[in-house]
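Novice: The structure that follows is given in the form of structure tokens.
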Number of protein chains: 2
Amino acid sequence: MRYSDYDIAGVLDQENAGATANDFLDDLDEVPIVEDASEIESADVLIIGISVMGGNFDSSWRDDVTTALERGWDVISGLHTFLNEDAEFRALAEENDCDIRDVRKPPDDLGVSDGAAADVDAEVILTVGTDCSIGKMTSTMELCGTAREMGYDAAVIPTGQTGIIVEGWGNPIDRVVSDFVAGAVEEMIVEKGSEHDYLFVEGQGSISHPSYSGVTCGILHGSMPDKLVLCHESNREAVHGFPDTPLPSPGAFGELYESLCDPVQPAKVVAGALNTSQIEDDRKARRAVEEYEAEIGSPATDPVRFSTRETVRTILES
Amino acid sequence: MRYSDYDIAGVLDQENAGATANDFLDDLDEVPIVEDASEIESADVLIIGISVMGGNFDSSWRDDVTTALERGWDVISGLHTFLNEDAEFRALAEENDCDIRDVRKPPDDLGVSDGAAADVDAEVILTVGTDCSIGKMTSTMELCGTAREMGYDAAVIPTGQTGIIVEGWGNPIDRVVSDFVAGAVEEMIVEKGSEHDYLFVEGQGSISHPSYSGVTCGILHGSMPDKLVLCHESNREAVHGFPDTPLPSPGAFGELYESLCDPVQPAKVVAGALNTSQIEDDRKARRAVEEYEAEIGSPATDPVRFSTRETVRTILES
């Protein structure tokens, strides 16, 4: 909702129906939250933007998809479950002349990387994280957006379903055959590397997430970054989905990412992005950012809450 | 050829036709190497065991596959290119009542890991490497075989096409959807963890291989090993497929693997396996093993050339 060009008619959320989007996030518009798709007066597209662990379709969403297709809306889904493979949805889409776009479905013609990302002219900046769901996509969008406002020729390399829906292109790296992960990232870097001066690559997961670290590592080596931005959420103490696994310190993460880059193409953490959305008070949030800066030894910001101009300058001119 | 139960009638190799298998590896039988499948008197199965970078089918092999199917042999392929999707091969297989088994094709019902591998009763030993194609599969087979001979209840967890062809089961992890890599390994660990006391997991690639590190990292975290065996090839100086990328020292690799295990489930390198096949002289090979032991700070052996009993004892009783 923050970064796409869509006009959002409503948000489907069975638990929070009646509220508006800006009740939850100040910087969003007053978009109504409704219980089901039939309450939306008119729309062109239903976006399944929810990102659940495993990425499977939940049967409680079936009525909304059916309603959307019956009303002639296209459906864009970021799930691992491909809606185009659902016979009922497929038939409804054909009947009502709608498109179902499964953006998590990668192209068929991928292969292994050959290191070509090292040779692109553009400088490559990768967001890496201490966990999943902490704001790597958001940080990438904010930093690249600010860089563009400041006059730099910068582009986002989308690697996940939300980034792809926002940017209108990209490759859902976590759905790619694992042998081709680095190759799929490299292909995007090479494609855009001659068109822009700076590429902000959307990172995924975390290098120590028990379930997703393979995707993270493949993006790290496939994109051959020149610089890293370390993303973290204040107060996050356990690994997402693994409440008994404590999160290492952000400083330890920085060292781990740099050690992994070293043998392939050295890259340093040059800045940090701290998600302080759990902290209400602005002054406390600022203090959390300062503590984070001390911990990782680099300048940082909360790219949603505070200015990103200084951070962008640090990143691009360091 | 070393580890499977097949009687091998011949080896197809256009470059080395006329020689025998034991001209290249002492411990193999005197199996004839021939130029094409028509020279083999009789067989039941053609195995495409070659492992090329990218894993694609080479058109120069087409005649041999055709010959095999026409003669009623089954075909087992470990390639990324699925031979079952080749209309001509499919038709020939049906006509001659043969099976084409694409062992690189993973099952459809995989999902993300949930950390269940940490709870299995069996002790999990993972082979990790400084590069790909240095002997992780071989080391896994040798160490597990010796453990069994010594009376331990041990099993191999095959994660690559060759291991799968040898063991007759397994999951080709580098072909799995990247988000499900850890989940696919975990599933095998959980399945076999209650049946055996020790699981030797076949590792893949290397944590700093530009193309394959994602697969390596996913196996590392998905298998949640208790112990690591670091595999290396003497004289290997550059990364496989990347002649300009120097290989870090084995000691640095040990530290990197241990740092990556730490946040998920701590595991130490307890032994090393050095592939000394590039060294002719036994004494020199022994010295290389000793230098490798000093470098990684653990006992080591060349599991093909020298005894593995001491190493197995070290691994299982440390």
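The values are calculated or read from the model by the stated rules, or taken from the named source; none is laboratory data. What you see is a predicted model; the values in this text were computed from it and never measured. Note that we place each Cβ from the backbone using ideal geometry, even for glycine, and neighbour counts take in every protein chain shown. Ligands, DNA and RNA are stripped out before the accessible areas are found, and what is left, the full protein with its side chains, is counted by its heavy atoms. Shrake-Rupley method; radii C 1.70, N 1.55, O 1.52, S 1.80 Å.
Novice: Name the single residue, out of those in the stretch A:248-268 being surrounded by 22 or more Cβ atoms within 10 Å (Cβ to Cβ) and of a type in the set (A, V, I, L, M), that is nearest to B:Cys217 (Cα to Cα).
Specialist: By that ranking, first place goes to A:Leu260.
Novice: Looking only at residues that are over 18 Å from A:Glu202 (Cβ atoms) and within 14 Å of chain B (Cβ to nearest Cβ) in the stretch A:111-130, which one is surrounded by the most Cβ atoms within 10 Å (Cβ to Cβ)?
Specialist: Across the stretch A:111-130, the extreme among qualifying residues is A:Val112.
Novice: Between B:Val190, B:Val185, B:Val201, which is among the β-branched types (Val, Ile, Thr) and more than 25 Å from B:Asp131 (Cβ to Cβ)?
Specialist: Selected residue: B:Val190, the only one of B:Val190, B:Val185, B:Val201 that is among the β-branched types (Val, Ile, Thr) and more than 25 Å from B:Asp131 (Cβ to Cβ).
Novice: Can I ask one more? For the stretch A:255-270, give me each residue that is part of a loop (DSSP other than H, G, I, E, B) and either small (Gly, Ala, Ser) or more than 7 Å from chain B (Cβ to nearest Cβ) (or both).
Specialist: If the condition is that a residue be part of a loop (DSSP other than H, G, I, E, B) and either small (Gly, Ala, Ser) or more than 7 Å from chain B (Cβ to nearest Cβ) (or both), then A:Asp262, A:Gln265, A:Pro266, A:Ala267 are the ones that fit.
Per-residue answers, yes or no, for (1) modelled with pLDDT under 95; (2) out of contact with any Cys (no Cβ under 8 Å at 6 or more places or on another chain); (3) more than 22 Å from A:Tyr6 (Cβ to Cβ):
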residue: A:Val128; (1), (2), (3): no, no, yes
residue: A:Thr162; (1), (2), (3): no, yes, no
residue: A:Ile173; (1), (2), (3): no, yes, yes
residue: A:Val181; (1), (2), (3): no, yes, yes
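Novice: Restrict the check to the stretch A:42-63 and report whether at least one residue is under 28 Å from B:Thr81 (Cβ atoms) and either part of a helix (DSSP H, G or I) or more than 13 Å from every other protein chain (Cβ to nearest Cβ) (or both).
Specialist: No, the stretch A:42-63 contains no residue that is under 28 Å from B:Thr81 (Cβ atoms) and either part of a helix (DSSP H, G or I) or more than 13 Å from every other protein chain (Cβ to nearest Cβ) (or both).
Novice: I need the full set of residues from the stretch B:13-31 which are touching a helix residue (DSSP H, G or I) at 6+ places or on another chain (Cβ under 9 Å) and either open to solvent by less than 60 Å² (accessible area, probe 1.4 Å) or at positive phi (or both), in order please.
Specialist: B:Asn16, B:Ala17, B:Leu28, B:Val31
Novice: Please specify each residue of the stretch B:80-103 satisfying the condition of being open to solvent by less than 40 Å² (accessible area, probe 1.4 Å), assigned to a loop (DSSP other than H, G, I, E, B), modelled with pLDDT of 95 or more and not aromatic (Phe, Trp, Tyr).
Specialist: Answer for the stretch B:80-103, where residues must be open to solvent by less than 40 Å² (accessible area, probe 1.4 Å), assigned to a loop (DSSP other than H, G, I, E, B), modelled with pLDDT of 95 or more and not aromatic (Phe, Trp, Tyr): B:Asp86, B:Cys98, B:Val103.
Novice: Separate question: Hey, can you tell me all the residues within the stretch B:90-134 that are among the polar types (S, T, N, Q), in contact with a His (Cβ under 7 Å, 6 or more places away or on another chain) and either within 26 Å of B:Val45 (Cβ to Cβ) or not assigned by TED's automatic domain parsing to the domain that holds B:Met188 (or both)?
Specialist: B:Ser133
Novice: Checking the structure you have, find out if any residue of the stretch A:50-63 is open to solvent by less than 40 Å² (accessible area, probe 1.4 Å) and among the acidic types (Asp, Glu).
Specialist: The answer is no, given that none of the residues of the stretch A:50-63 is open to solvent by less than 40 Å² (accessible area, probe 1.4 Å) and among the acidic types (Asp, Glu).
Novice: Which number in (1) open to solvent by less than 70 Å² (accessible area, probe 1.4 Å); (2) more than 12 Å from B:Thr130 (Cβ to Cβ); (3) in contact with a strand residue (DSSP E or B) (Cβ under 6 Å, 6 or more places away or on another chain) marks the one condition that B:Ser318 misses?
Specialist: (1)
Novice: Mind checking which residues of the stretch B:70-79 are of a type in the set (Asp, Glu) and either assigned to a strand (DSSP E or B) or without any contact (Cβ under 8 Å) to a residue 12 or more places away in the chain (or both)?
Specialist: The one that is of a type in the set (Asp, Glu) and either assigned to a strand (DSSP E or B) or without any contact (Cβ under 8 Å) to a residue 12 or more places away in the chain (or both): B:Asp74.
Novice: Going by the conditions given, is A:Ile48 at pLDDT 95 or above, of a type in the set (A, V, I, L, M), touching a Gly at 6+ places or on another chain (Cβ under 7 Å) and closer than 30 Å to B:Asp114 by Cβ?
Specialist: Answer is yes for this residue.
Novice: Anything in the stretch B:139-180 that is within 14 Å of chain A (Cβ to nearest Cβ) and closer than 23 Å to B:Gly49 by Cβ? List them, or say none.
Specialist: B:Thr159, B:Gly160, B:Gln161, B:Asn171, B:Pro172, B:Ile173, B:Asp174, B:Arg175, B:Val176 - these are the residues of the stretch B:139-180 that are within 14 Å of chain A (Cβ to nearest Cβ) and closer than 23 Å to B:Gly49 by Cβ.
Novice: Just the residues that are assigned to a strand (DSSP E or B) and either within 26 Å of A:Val124 (Cβ to Cβ) or at the interface with chain B (Cβ under 7 Å from one of its Cβ atoms) (or both), please, taken from the stretch A:209-244.
Specialist: Result: A:Lys227, A:Leu228, A:Val229, A:Leu230, A:Cys231, A:His232, A:Glu233, A:Phe242.
Novice: On to the next question. With the condition kept exactly as written, say whether any residue in the stretch A:286-302 is away from every other protein chain (no Cβ under 12 Å), buried (at least 18 other Cβ atoms within 10 Å of the Cβ) and touching a His at 6+ places or on another chain (Cβ under 7 Å).
Specialist: For the stretch A:286-302, residues away from every other protein chain (no Cβ under 12 Å), buried (at least 18 other Cβ atoms within 10 Å of the Cβ) and touching a His at 6+ places or on another chain (Cβ under 7 Å): present.
Novice: Of these, A:Arg305, A:Arg283, which one is open to solvent by 90 Å² or more (accessible area, probe 1.4 Å) and without any contact (Cβ under 8 Å) to a residue 60 or more places away in the chain?
Specialist: Every option except A:Arg283 fails the conditions.
Novice: When you scan the stretch B:106-196 for helices (runs of 4 or more DSSP H) that lie fully inside it, which ones turn up with 1 or more residues that are over 26 Å from B:Asn56 (Cβ atoms) and in contact (Cβ under 8 Å) with a residue 60 or more places away in the chain?
Specialist: Because the criterion is at least 1 residues that are over 26 Å from B:Asn56 (Cβ atoms) and in contact (Cβ under 8 Å) with a residue 60 or more places away in the chain, the helices (runs of 4 or more DSSP H) in the stretch B:106-196 that meet it are B:136-149, B:181-193.
Novice: If we keep just the residues of the stretch A:144-203 that are in contact with an Asp or Glu (Cβ under 6 Å, 6 or more places away or on another chain) and of a type in the set (D, E, K, R), which is most open to solvent (accessible area, probe 1.4 Å)?
Specialist: In this case the residue turns out to be A:Asp197.
Novice: If you don't mind, another one. Right, B:Met137: under 13 Å from the mean Cα position of the chain (by Cα) and of a type in the set (A, V, I, L, M) or not?
Specialist: So B:Met137 fits the description; yes.
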